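Heads up: the structure comes next, in structure tokens.
Read the figures in this text as sums done on the coordinates, not as results from a lab. Being a predicted model, the structure only gives us computed values, none of them experimental. Ideal geometry is used to build each Cβ from the backbone, glycine not excepted, and the neighbour counts take in all protein chains shown.
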Amino acid sequence: MADPMNTQRKPTLSVDFDGVLHSYRSGWMGADVIADDPVPGAIEFLREAVKHFDVCIASTRNNTAEGVAEMRRWLISHGGLDIIESIRFPILKVAALVYMDDRALQFKGEWPSMAELKEFKAWWDPSNG
């Protein structure tokens with residue numbers, strides 16, 4: 001039987017790309033257009049994370065070969081050449097120990113109201129005051 005949590009090896013860490021690694025100031029410009037710099041500390045974080053986790057980049061960009069190629073190029077151009085081969089870009093959601101995402105709401109057993117969901121703001125959203 002497959003080991004979805006990868007317990008025989010490193011645990012899996014799923015990291016969103018836009019708004020977590022890529023600062024995403026310019027917003028969505030297409031799967032193969034990544035216009036902005038990294039969030040400060042992103043590459044250093046990945047460099048440390050690959051030592052402890054099977055790191056997967058989760059992104060809607062993963063649906064196209066061009067999107068994955070551009071994320072790989074972007075990571076390399078921002079200093080990630082030494083770790084690029086340690087990072088996976090799965091098309092589907094992977095079973096992970098932890099998911100890092102700027103648009104996530106941790107479910108703690110109680111359902112949020114529709115108003116709470118509609119009012120949600122990513123950390124980088126200028127209206128997040």
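Taking the conditions exactly as written (within 26 Å of residue 128 (Cα to Cα) and among the polar types (S, T, N, Q)), does residue 77 satisfy them or not?
no
I'm trying to understand the selection: among the residues of region 99-119, which are surrounded by 12 or more Cβ atoms within 10 Å (Cβ to Cβ) and more than 30 Å from residue 50 (Cα to Cα)?
The one that is surrounded by 12 or more Cβ atoms within 10 Å (Cβ to Cβ) and more than 30 Å from residue 50 (Cα to Cα): 112.
Just to be sure I understand, how many residues within region 57-74 are surrounded by fewer than 19 Cβ atoms within 10 Å (Cβ to Cβ) and part of a strand (DSSP E or B)?
Qualifying residue count for the region: 0.
Among the residues in region 105-115, are any aliphatic (A, V, I, L, M) and either under 20 Å from residue 33 (Cβ atoms) or more than 16 Å from the chain's Cα centre (by Cα) (or both)?
Yes, region 105-115 contains a residue that is aliphatic (A, V, I, L, M) and either under 20 Å from residue 33 (Cβ atoms) or more than 16 Å from the chain's Cα centre (by Cα) (or both).
Given the residues 49, 122, 31, 96, which is the only one that is in contact (Cβ under 8 Å) with a residue 24 or more places away in the chain, surrounded by 13 or more Cβ atoms within 10 Å (Cβ to Cβ) and assigned to a helix (DSSP H, G or I)?
Exactly one residue qualifies, and that residue is 49.
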